[in-house]
Amino acid sequence: MTPLLSRLGAHVARRRLFAAPGTAVVAVSGGPDSVALLDLLHTLAPELGLSLVVAHADHGIQADSGTVAQAVAALARGYGLPFELGELHLGPEATETAARRARYAWLADVQRRHAARYLVTAHHGDDQIETIVLRLLRGSGPAGLAGMPARARGGLVRPLLPFARRDLVDYIAARGLPVHDDPANRDPRHLRSWVRTVLLPLVSERLGAGAREDVARAGRAAALERRAWDRVLGHLPDLDLRVHEDGFDVARGVVAGYDDALAVAVLRAAARRAGLVLGPKRARQLARLARRPSGRRQPLGGAWMAEVAFDRVRVRDRTREGREVGEVVEVEADDERGRAQFGKFRLEWSAEPAPERLARGDWTTWIGGGGAWEVRPLRPGDTLVPLGGVGHRPVRRLLMDARVPRSNRAQYPIVVRGETILWVPGICRSAADLPRPGTPAVRVDVTKYCEPQADRRA
């Protein structure tokens with residue numbers, strides 16, 4: 001076992017970077033860093049319980065990118081590993097940012113298709129120093145100056161952060177592995193390459209070789225502060241932080257009661273739990289939003305939107321939230337049993353005699369025979385006559401009274417027969433099409449899945 005392999009094995013075990021066995025997608029550019037990562041992980045995979053998949057993104061920026069892709073494919077074959085090639089066709093004018101976004105979007109798709117627990121990248125200690133300097137130049141706060149974490153949301157793992165680029169280059173040379181030297185890594189027209197080839201050498205020349213370690217030490221101190229604020233969230237039960245697949249929400253009154261400095265720090269830590277990097281300015285806007293009436297909104301940059309929803313402040317990524325809008329579910333009269341999904345809701349129905357009484361606000365109801373029915377989204381002007389009530393009530397008002405956030409109302413399931421609304425699940429059964437007790441009917445159960453649970457991480 002080589003010294004680097006031994007050190008990496010000890011680091012992975014100590015930090016529990018691969019806490020459970022599973023499939024790991026390894027991003028391999030063909031450069032020395034990622035080739036070293038692949039070779040090291042291939043050796044460690046059996047004891048870690050990992051099944052590796054090699055993934056190479058061909059950005060289509062360099063003229064010889066196809067040759068590099070072929071070389072990485074050959075490397076994967078040599079290890080007997082499955083290979084994924086993403087031809088992104090970005091063109092020679094693509095920026096660093098565009099290339100990174102396209103690459104990670106494709107890698108996430110590879111991870112989904114393979115149901116992979118991990119996505120592993122070859123970021124190392126020199127990359128970490130460059131990241132900290134770049135974030136400092138862009139005015140990042142302490143959380144940003146902490147640099148890249150070894151583990152991140154979505155199963156992202158960076159096992160090489162404790163090691164220098166020189167360690168990996170020496171390892172590759174000793175192993176005689178073929179690698180590609182990307183000239184873009186030395187092109188000062190790219191900001192990161194400028195930091196790498198121009199700025200950091202100047203700093204080291206002026207301040208000495210220890211300057212790089214000073215930057216790394218500052219990053220570790222910032223990381224310690226970031227971890228501390230993350231732990232603080234576990235000691236704020238009244239905050240009632242709930243993390244979702246598409247964002248998070250917190251107790252509005254609690255945030256509104258904090259002073260500005262505390263509110264900003266807590267909201268930034270909560271946002272990180274949901275994968276949102278929230279700058280101080282945006283965090284202050286979010287803190288002010290908590291003091292405004294229900295229904296008010298605040299854009300947070302990109303696809304992120306904050307909303308005051310009754311006693312909660314909700315923050316959502318609208319790109320992920322948008323995938324949960326339900327499509328109309330049509331059920332024929334002779335379809336006596338089935339199940340379907342409507343956005344974030346699951347429906348099941350089966351033939352069952354009607355009970356003596358129907359509950360008005362339950363998540364289960366019975367529909368009398370007499371034709372097809374369907375589940376659709378809310379429409380403008382929807383009204384119903386509530387079971388046991390008098391007169392028509394606007395469904396939108398019913399949703400509001402039930403404290404359904406405004407951004408969720410258009411996605412709420414409405415059960416109808418023709419133009420008549422029969423049921424708003426969990427909120428109101430209408431007086432229409434009520435089956436007589438004991439007569440043949442269709443029982444319908446609606447369950448809201450992915451229901452957010454309180455995030456109790458310490």
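Quick one: Debye curve from the C-alpha atoms of the chain, no solvent, what's log10 I(q)/I(0) at q = 0.11, 0.13, 0.14 Å⁻¹? Log10 I(q)/I(0), no solvent term: -1.00, -1.20, -1.29. Can you classify the stretch 208-323 as rounded, prolate or oblate using the Cα gyration tensor, where a ≥ b ≥ c are the square roots of its eigenvalues, rounded means a/c under 1.5, and otherwise it's prolate if a/b beats b/c and oblate if not? Prolate shape, in that a/c is at least 1.5 and a/b is the bigger ratio. The distance separating the Cα centre of the stretch 361-388 from that of the stretch 1-57 comes to 54 Å. Compared with the dominant principal axis of the Cα atoms in the chain, helix 260-273 is inclined by about 90°.
Ordered by 1.4 Å accessible area with all protein chains kept, LEU289, LEU137, LEU85 run largest first as LEU137, LEU85, LEU289.
Taking all Cα pairs closer than 8 Å and separated by 6 or more residues, the relative contact order of the chain comes to 11 percent. Rounded to two decimals, the Cα radius of gyration of the stretch 330-458 over 2.2 N^0.38 Å is 1.07. Couplings for the stretch 391-402, taken from phi via the Karplus curve 6.51 cos²θ - 1.76 cosθ + 1.60 with θ = phi - 60°, read x, 7, 10, x, 5, 4, 5, 4, 5, 5, 5, 7 Hz in order; Gly and Pro are left as x. Applying a DSSP loop filter and a limit of 15 other Cβ atoms within 10 Å to the GluC sites (Glu not before Pro) in the stretch 88-192 leaves GLU93. Among rounded, prolate and oblate, which fits the stretch 132-213 when a ≥ b ≥ c are the square roots of the eigenvalues of its C-alpha gyration tensor, a/c under 1.5 means rounded, and a/b larger than b/c means prolate? It is oblate, given that a/c is not under 1.5 and a/b is not larger than b/c. Give the shape of the stretch 166-217 as rounded, prolate or oblate, defined through the alpha-carbon gyration tensor: a ≥ b ≥ c are the square roots of its eigenvalues, a/c under 1.5 means rounded, and otherwise the shape is prolate if a/b is larger than b/c and oblate if not. Verdict is oblate for the stretch 166-217. The 3J(HN,Hα) values that the Karplus relation (6.51, -1.76, 1.60; θ = phi - 60°) gives for the stretch 77-83 are, in residue order, 4, x, 8, x, 10, x, 10 Hz. Gly and Pro appear as x.
The spacing between the stretch 89-153 and the stretch 389-408, judged by their C-alpha centroids, is 43 Å. Solvent-accessible area assigned to carbon and sulfur over the chain amounts to 52 percent, based on a 1.4 Å probe. Looking at the stretch 45-104, none of the chymotrypsin sites (Phe, Trp or Tyr not before Pro) sits in a DSSP loop with at most 15 other Cβ atoms within 10 Å of its own Cβ.
Largest accessible area first, the residues PHE163, PHE310 order themselves as PHE310, PHE163 under a 1.4 Å probe with ligands, DNA and RNA left out. Obtain the nm distance between the two label points defined at ALA152 and ALA13 by a simple spin-label model: each point lies 7 Å from its Cα along the Cα-to-C-beta direction. The two pseudo-label positions are separated by 2.8 nm. Solvent exposure of the chain amounts to 50 Å² per residue of accessible area, where only protein heavy atoms count and the probe is 1.4 Å.
The long axis of helix 125-137 is offset from the longest Cα principal axis of the chain by roughly 70 degrees. The solvent-accessible area of ARG135, taken with every protein chain present and a 1.4 Å probe, is close to 80 Å². Across the alpha-carbon atoms of the stretch 39-96, the computed radius of gyration and Dmax are 13.8, 43 angstrom. Once backbone amide H atoms are built at 1.01 Å from N, TYR412 has LEU378 as its partners under 5 Å, excluding neighbours fewer than 5 places away on the same chain.
The values are calculated or read from the model by the stated rules, or taken from the named source; none is laboratory data. Note that the structure is a prediction, hence the values are computed from the model and not measured. All Cβ positions, even for glycine, are placed from backbone atoms using ideal geometry, and neighbour counts span all protein chains on display. The accessibility values were calculated without ligands, DNA or RNA, using every heavy atom of the protein model including side chains. Shrake-Rupley method; radii C 1.70, N 1.55, O 1.52, S 1.80 Å.
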